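Right, one structure below, let's go through it.
The values are calculated or read from the model by the stated rules, or taken from the named source; none is laboratory data. As the structure is a prediction and not an experimental result, all values here were calculated from the model. For neighbour counting, all protein chains shown are included, and Cβ atoms are generated from backbone atoms with ideal geometry for every residue, glycine included.
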Amino acid sequence: MRGASAPSRGAGRDHQVPARAARDAPEVPEAAVSCADEDAVDAVISWFAHAGRDLPWRHEGVSAWAILVSEVMLQQTPVVRVLPRWQEWMELWPTPADLADAPAAEVLRRWDRLGYPRRALRLQECARAIVREHGGEVPRGEEALRALPGIGEYTAAAVTAFAHHGRAVVVDTNIRRVLARSRTGHALPDRSYSAAERGLAARSLPTERLRSVAWNQAVMELGALVCTARSPRCADCPLAAGGCAWFAAGRPAPVEDTRRRQAFEGTDRQMRGQIMALLRRGGSVSDEQLLDLDREDVPRVHRCSASLVADGLAVREGGSLRLP
Ligand code: SF4
């Protein structure tokens with residue numbers, strides 16, 4: 001499960017599960033125990049039908065691979081920044097085999113400014129594993145998906161739901177927040193994702209497969225667009241009329257919210273991003289150019305350069321760094 005900075009993500013043109021879903025019909029067992037609030041499910045799915053965003057990875061005919069790539073890109077990165085990169089990647093590398101064969105330096109260049117560039121290399125490792133072990137097709141089933149490089153609980157569930165139209169407990173930051181407010185009456189979810197939260201998400205999931213897919217899409221979108229962390233727009237929310245415990249209680253403030261946004265300025269993460277930007281631009285960067293980034297903190301420059309090499313994102317060659 002991703003942490004608190006998990007992505008907001010979009011939803012399709014309407015809440016209906018695409019026609020191909022009926023054909024796919026994966027063998028996913030329906031839940032033995034579900035206590036979904038069916039009125040709330042109806043309300044959220046109906047809301048999504050007119051309010052969900054039209055995002056290309058939700059269109060009819062989009063491959064499981066394309067959806068997997070979108071899910072990885074959307075982790076930690078806003079939709080608006082992902083859109084052009086995803087479209088470019090799909091033109092360049094429409095199948096796992098295409099990405100598997102690409103030069104690593106080109107993969108990192110085309111990742112551009114999506115951040116956390118290790119994700120790009122992990123995606124390529126994932127593509128190679130899909131080619132090697134699954135004949136180039138994204139496997140079905142959360143267990144098989146989680147065995148792929150870089151695919152965790154969230155991505156496996158999301159691909160199962162959105163690509164293969166299976167019943168899966170999808171829990172991202174947006175869904176956590178909506179469930180915390182609507183089902184438990186808390187202003188915010190706990191700082192760390194817990195088994196109790198997963199249990200709540202599992203119990204909130206409709207039993208019927210296609211309805212569960214529609215719920216996952218719709219509730220995620222509700223968290224992204226309406227039930228936002230800082231300014232929930234309850235007046236526009238389909239759950240405000242009896243489906244939200246926190247709203248019904250008068251939106252009490254969190255008991256204690258000691259969360260702080262981590263400062264970015266001056267961090268190693270910022271400098272790693274600056275070095276990667278130089279590498280993407282020129283392919284290599286000299287030690288002198290690196291020192292120009294912060295001559296007052298040379299150890300930091302060295303530390304960040306070394307960490308990029310250790311992560312496989314750069315290669316040291318004499319007095320310079322280059323893309324792998
Ligand atoms: S009523 Fe408000 S707090 Fe409750 S789910 Fe809707 S937007 Fe979130």
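Observations
- Residue check for Ala201: of a type in the set (A, V, I, L, M) and surrounded by fewer than 17 Cβ atoms within 10 Å (Cβ to Cβ): no
- Count of residues meeting criterion [part of a helix (DSSP H, G or I), within 19 Å of Trp111 (Cβ to Cβ) and among the polar types (S, T, N, Q)] in region 268-324: 4
- Scan of region 217-258 for residues that are in contact with a helix residue (DSSP H, G or I) (Cβ under 6 Å, 6 or more places away or on another chain), more than 9 Å from the ligand (Cβ to nearest atom) and more than 21 Å from Asp190 (Cβ to Cβ), ordered by number: Ala218, Glu221
- When the criteria are applied in full, Thr95 meets the requirement of being at pLDDT 95 or above, surrounded by 14 or more Cβ atoms within 10 Å (Cβ to Cβ) and of a type in the set (S, T, N, Q).
- The one condition in (1) in the same structural domain as Ala36 (by TED's automatic domain parsing); (2) within 19 Å of Ser46 (Cα to Cα); (3) of a type in the set (A, V, I, L, M) that Ala240 fails to fulfil: (1)
- Against the test of being near the ligand (Cβ under 10 Å from one of its atoms), modelled with pLDDT of 95 or more and of a type in the set (Lys, Arg), the options Arg209, Arg181 yield a single qualifying residue, Arg181.
- Just one residue in the set Val315, Val298, Val285 is loosely packed, with under 15 Cβ neighbours inside 10 Å, among the β-branched types (Val, Ile, Thr) and away from the ligand (no atom under 16 Å from the Cβ); that residue is Val298.
- For region 91-140, a tally of residues being part of a loop (DSSP other than H, G, I, E, B), without any contact (Cβ under 8 Å) to a residue 60 or more places away in the chain and over 25 Å from Thr267 (Cβ atoms) returns 9.
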